[in-house]
1. Within the stretch 8-29, how many residues turn out to be loosely packed, with under 14 Cβ neighbours inside 10 Å and among the polar types (S, T, N, Q)?
2. Quick one: which of Ala23, Ala49 is of a type in the set (A, V, I, L, M) and farther than 14 Å from Phe67 by Cβ?
3. Please name all residue pairs, on different chains or six or more residues apart, with Cβ atoms under 6 Å, provided the first residue is in the stretch 93-113 and is of a type in the set (S, T, N, Q) and the second residue is at pLDDT below 95.
4. Can you tell me how many residues in the stretch 57-73 are among the β-branched types (Val, Ile, Thr) and open to solvent by 50 Å² or more (accessible area, probe 1.4 Å)?
5. For the stretch 81-113, enumerate the residues that are crowded, with 16+ Cβ neighbours inside 10 Å, of a type in the set (A, V, I, L, M, F, W, C) and part of a loop (DSSP other than H, G, I, E, B).
6. Just for strands (runs of 3 or more DSSP E) wholly inside the stretch 11-80: which have at least 2 residues that are in contact with a helix residue (DSSP H, G or I) (Cβ under 8 Å, 6 or more places away or on another chain) and at pLDDT 95 or above?
7. Sort out which residues of the stretch 39-53 are open to solvent by less than 20 Å² (accessible area, probe 1.4 Å) and not hydrophobic (A, V, I, L, M, F, W, C), and write them in order of number.
8. What residue, of Ala60, Ala23, is within 14 Å of the chain's Cα centre (by Cα), more than 14 Å from Ala91 (Cα to Cα) and free of Cβ contacts under 8 Å to residues at least 40 places away in the same chain?
Amino acid sequence: QVQLVESGGGLVQPGGSLRLSCAASGRQFSIAKIGWYRQAPGKQRELVASITSGGTTMYADYVKGRFTISRDNAKNTVSLQMNSLKLEDTAAYYCKARVATVIYWGQGTQGAVSS
């Protein structure tokens with residue numbers, strides 16, 4: 001069982017930065033593949049970035065070079081550093097953990113970019 005709680009959302013201007021955190025409970029966190037997803041109003045949820053238990057990362061094309069995903073298994077956390085934010089990055093951001101075939105979602109945190 002893995003429980004996820006996201007934090008770190010907020011309102012920033014274009015070009016600004018936010019750092020999201022996903023805090024997990026559960027002994028299986030260290031073996032879980034973790035992904036950050038986002039969902040803008042009226043749009044489908046989409047993958048932003050993911051990181052495996054071994055630290056292999058993957059990014060959606062639209063965030064490459066701007067976002068960085070990292071994990072600290074000792075602290076059971078996964079972070080998403082978001083730099084050079086654009087208006088279109090405004091969305092609810094969700095953390096997802098996958099352990100074998102079981103998937104867990106957090107409740108989400110809102111990130112808004114506005115001038």
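1. Summing the residues that are loosely packed, with under 14 Cβ neighbours inside 10 Å and among the polar types (S, T, N, Q) in the stretch 8-29 gives 3.
2. Selected residue: Ala23, the only one of Ala23, Ala49 that is of a type in the set (A, V, I, L, M) and farther than 14 Å from Phe67 by Cβ.
3. The qualifying pairs are Thr109/Gly9; Gln110/Gly9.
4. Residues that pass the stated criteria total 2.
5. If the condition is that a residue be crowded, with 16+ Cβ neighbours inside 10 Å, of a type in the set (A, V, I, L, M, F, W, C) and part of a loop (DSSP other than H, G, I, E, B), then Leu85 is the only one that fits.
6. 46-51
7. Ser50
8. Details: Ala23 fails: free of Cβ contacts under 8 Å to residues at least 40 places away in the same chain.
Just a single option satisfies the conditions, and that option is Ala60.
The values are calculated or read from the model by the stated rules, or taken from the named source; none is laboratory data. For clarity, every value in this text was computed on a predicted model and none was experimentally measured. Note: ideal-geometry Cβ built from the backbone for every residue, glycine included; neighbour counts use all protein chains shown. In case anyone asks, the SASA skips ligands and DNA or RNA and just uses the protein heavy atoms, side chains included. Shrake-Rupley method; radii C 1.70, N 1.55, O 1.52, S 1.80 Å.
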